[in-house]
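Participant: Before I ask anything, here is the structure I am working with.
The values are calculated or read from the model by the stated rules, or taken from the named source; none is laboratory data. Keep in mind it's a predicted model, so treat the numbers as computed, not measured. Don't worry about glycine lacking a Cβ; one is built from the backbone with ideal geometry, like all the others, and counts go over all protein chains shown.
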Amino acid sequence: MTSPSLSVAVSDSERSAWSELAQETLALTRRLFLQLARRPSSLVAGVLQPLIWLILFGALFTNAPDGLLPGGISYGRFLGAGVIVFTAFSGALNAGLPVMFDREFGFLNRLLVAPLRSRSSIVLASVIYITAISLVQSLAIMLTAALLGYGWPGAAGFVLVVATLLLLVFAVTALSLGLAFALPGHIELIAVIFVANLPLLFASTALAPLSFMPGWLGWLAALNPLTFAIEPIRAAYRGPLDLSAVLLEAPYGDVTGTTCLVVLVGLTVGLFLLIRPLLNRKLS
Amino acid sequence: MALIELRNLHKSYGSVNALRDLTLDVPEGCLYGLLGPNGAGKTTAIRIMATLLSPDQGTVTIAGLDALDQPRAVRQALGYVAQEVAIDKILTGRELLQLQGDLYHLKKNVRDERIAELIDRLGMDDWIDRRCGTYSGGMRRRLDLAAGLLHRPKLLVLDEPTVGLDIESRSAIWDLLRRLVHQGTSVLLSSHYLEEVEALADRMAIIDAGTVIAEGSPDELKRRLGGDRVTLRVREFSDQEEAQRVSELIRQVSGVSQVVINRSQGYSLNLVVENEPVIARLRDCLLDVGLPVFALAQSRPSLDDVYLQATGRTLMDAELAVAGQRDVKQERRKAMR
Ligand SMILES: Nc1ncnc2c1ncn2[C@@H]1O[C@H](COP(=O)(O)OP(=O)(O)O)[C@@H](O)[C@H]1O
Ligand SMILES: [Mg+2]
């Protein structure tokens, strides 16, 4: 009689632990979306900037000689993958801002006084929110690129694009959240975001292939995480999916699609492990 | 067992010792006042109770739970209203309460019922669906109070809940706190207004420089000082000579102490009498030498006298001494997670 009811009680409390975790995470995520709904300018700006890049930059080399780019594609097509990745990247780079404001204005204390099941829900809410935003922004760019005639990946290609973007967004979100807890205030965080943004774009294969670059820049670009996201997406736009194909002839050796994804996974895991002690300390 | 037991707490911020061996027992079911001037360590002690801060030394037990070992259970048992209200300006008051309810894992229907009830109870109906950014100080406080009460904690802890509020908001909050205690919630509040503690508290502690310097019911504390304060005039305006003569005379009466001639008040005499019969003896003594008693005002010692006795300065002086010395911005930056 007693033992079954005991086991029911245990699984009940386990279930309630999960449902409580879901409840608090959902509530925190809802808050972020409410803020966004009432201050949509950041969402709009996050799409507008890459959109302008795509339209202006894409048109810049319209009359460049044929066959300039590897595979003989137009510059607009080449650029598309870079701008999509840049959109997701700069969106995710903002992940830490709401957390930073909560630290500064003491709202975080309100969360920490509550009997949260796990304080990871605070981090989790930020990840869910920023992932959704970044993907929506990237999707808007993909649609625009398609309208501009820069193509659309196939179904398998689309899955690869989304998977690649997700990995990049997770990694950058981890970085940004880490910074949000490590830096003293939002001014510093915004400065870092501002400074990191464009150089990382320029020192990648977003705007030009490695073969255009001087050796030193080629090295930088071939080590830049953005490049590891750009190349698989560019490949997905180019044609049938082959992850074992060489996507990048880097100075240190050939890089395949699989390598790119492995690097991104490694980066994401590495960054989350790196920031974990910091988050544990700050949220304890 | 006491509801809150703080034992030998020490806490320092760099070279500032905010708490020095603070020990405090707060019994269940009462409204407990923590009185002390700015910088006494009230906020530090309260943040430790709310599990936001851990002491450098000492133990914290709340509702029988060790706050350092079982912070989650303590958070569940306690409602906390901070000194500086942190609200999300973009959310409406109702949305903030909904968030709060979800963070305390209330079922949705229970949550919404209680929100409706608190809106009614705290008179927030007219503005609860406006964004918090538009609220006045009093509205924010009330919202914050509602947030602290939403999960029906057995203990509500408020850090200077009425500071900077208009009289109307203040008395609304006082009323609510009294009703809460009446209904069985224990309340601890800090204040640097002695009127507030005097008006509300069943029991209280005075803290100064991070330690408790007096503890008891307000009446007890005052009684412990011994004797009532008396102001005596033998006629409307005496001269110095007469005042001197009278003061020498009444010093002889047993039970009279601390006789002071108050020059600025027409040479009236301030003194302390041990108990009621002393007053009669005093009158008799004056009557014997044919002196009239023009006025005799008797007053109980105030909490300020209690503070004065323990520290050698008035609360007002202590308040003025730190005014402008604390860099609140810097403290907030340092306290940031
Ligand atoms: N974060 C902080 N950094 C440095 N000093 C602090 C900090 N918080 C409080 N203090 C100092 O600790 C002492 C106690 O402060 P506090 O607990 O806020 O007192 P109260 O709430 O009674 O005004 C004061 O001297 C104050 O200046
Ligand atoms: Mg304080």
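Participant: How many residues, within the range B:105-149, are buried (at least 22 other Cβ atoms within 10 Å of the Cβ), within 12 Å of another protein chain (Cβ to nearest Cβ) and among the aliphatic types (A, V, I, L, M)?
Facilitator: Selection size over the range B:105-149: 2.
Participant: Here is a further query. Can you work out which of the residues in the range B:42-51 that are within 10 Å of ligand 1 (Cβ to nearest atom) and farther than 13 Å from B:V187 by Cβ is surrounded by the most Cβ atoms within 10 Å (Cβ to Cβ)?
Facilitator: B:A45
Participant: Is it the case that the range B:159-171 has a residue that's within 22 Å of B:C30 (Cβ to Cβ) and basic (K, R)?
Facilitator: Taking every residue of the range B:159-171 in turn, at least one turns out to be within 22 Å of B:C30 (Cβ to Cβ) and basic (K, R).
Participant: Quick one: B:S254 ticks every box in (1) of a type in the set (G, A, S); (2) assigned by TED's automatic domain parsing to the domain that holds B:Q83; (3) loosely packed, with under 14 Cβ neighbours inside 10 Å; (4) away from ligand 1 (no atom under 16 Å from the Cβ) except a single one, so which number is it?
Facilitator: Evaluating B:S254 over (1) of a type in the set (G, A, S); (2) assigned by TED's automatic domain parsing to the domain that holds B:Q83; (3) loosely packed, with under 14 Cβ neighbours inside 10 Å; (4) away from ligand 1 (no atom under 16 Å from the Cβ) leaves (2) as the failure.
Participant: Only one of B:R333, B:R337 is part of a loop (DSSP other than H, G, I, E, B), free of Cβ contacts under 8 Å to residues at least 12 places away in the same chain and either away from every other protein chain (no Cβ under 14 Å) or surrounded by 11 or more Cβ atoms within 10 Å (Cβ to Cβ) (or both); which?
Facilitator: Going through B:R333, B:R337 in turn, the sole match is B:R337.
Participant: Read through the list (1) without any contact (Cβ under 8 Å) to a residue 60 or more places away in the chain; (2) more than 16 Å from ligand 1 (Cβ to nearest atom); (3) within 23 Å of the chain's Cα centre (by Cα), then give the number of the only condition that B:K107 fails.
Facilitator: The one condition B:K107 does not meet is (3).
Participant: Looking at (1) buried (at least 17 other Cβ atoms within 10 Å of the Cβ); (2) over 28 Å from B:C132 (Cα atoms); (3) more than 16 Å from ligand 2 (Cβ to nearest atom), can you tell me which one B:L99 breaks?
Facilitator: (2)
Participant: Looking only at strands (runs of 3 or more DSSP E) that fall completely inside the range B:2-95, which ones have 1 or more residues that are within 14 Å of another protein chain (Cβ to nearest Cβ)?
Facilitator: B:57-62, B:78-81
Participant: While we're here: Return the pairs, sorted by first residue and then second, in which the second residue is among the basic types (K, R) and more than 6 Å from ligand 1 (Cβ to nearest atom), the first residue lies in the range B:35-60 and is closer than 15 Å to B:H10 by Cβ, the beta carbons are less than 6 Å apart, and the residues are 6+ apart or on different chains.
Facilitator: Short answer, once both residue conditions are applied: B:T44/B:K11; B:L53/B:R47; B:P55/B:K11; B:D56/B:K11; B:G58/B:R7; B:T59/B:R7.
Participant: Taking the range B:19-75, which residues are within 13 Å of ligand 2 (Cβ to nearest atom), under 17 Å from B:G216 (Cβ atoms) and not small (G, A, S)?
Facilitator: B:L34, B:L35
Participant: Filter the range A:215-259 down to the residues that are surrounded by 18 or more Cβ atoms within 10 Å (Cβ to Cβ), of a type in the set (F, W, Y) and more than 17 Å from A:L201 (Cβ to Cβ) and list them by number.
Facilitator: A:Y237
Participant: Considering only the range B:98-142, state which residues are part of a helix (DSSP H, G or I), closer than 22 Å to A:R39 by Cβ and of a type in the set (K, R).
Facilitator: The one that is part of a helix (DSSP H, G or I), closer than 22 Å to A:R39 by Cβ and of a type in the set (K, R): B:R140.
Participant: Hey, does the range B:306-323 have a residue that's within 30 Å of A:R103 (Cβ to Cβ), within 14 Å of chain A (Cβ to nearest Cβ) and surrounded by fewer than 16 Cβ atoms within 10 Å (Cβ to Cβ)?
Facilitator: No, that holds for no residue.
Participant: Another one. Can you go through B:G79, B:G14, B:G39 and tell me which one is under 21 Å from the mean Cα position of the chain (by Cα) and within 16 Å of ligand 1 (Cβ to nearest atom)?
Facilitator: Numbers: B:G79 fails: within 16 Å of ligand 1 (Cβ to nearest atom); B:G14 fails: under 21 Å from the mean Cα position of the chain (by Cα).
It is B:G39.
Participant: Of the conditions (1) more than 16 Å from ligand 2 (Cβ to nearest atom); (2) of a type outside the set (S, T, N, Q); (3) within 14 Å of B:A147 (Cα to Cα), B:A82 fails just one. Which one is it?
Facilitator: (1)
Participant: While we're on this one: Can you name the residue in the range B:143-199 that is assigned to a helix (DSSP H, G or I) and among the hydroxyl-bearing types (S, T, Y) and, of all such residues, is nearest to ligand 2 (Cβ to nearest atom)? Working first, answer last.
Facilitator: Going through the range B:143-199, the residues assigned to a helix (DSSP H, G or I) turn out to be B:143-149, B:167-182, B:194-199.
Among the residues that remain, those that are also among the hydroxyl-bearing types (S, T, Y) are: B:169, B:171.
Values: B:S169: 19, B:S171: 22 Å.
The extreme case among them is B:S169.
Participant: Taking into account only those residues within the range B:288-324 that are without any contact (Cβ under 8 Å) to a residue 24 or more places away in the chain and in a loop (DSSP other than H, G, I, E, B), which is nearest to B:R235 (Cα to Cα)?
Facilitator: Only one residue fits best here, namely B:G290.
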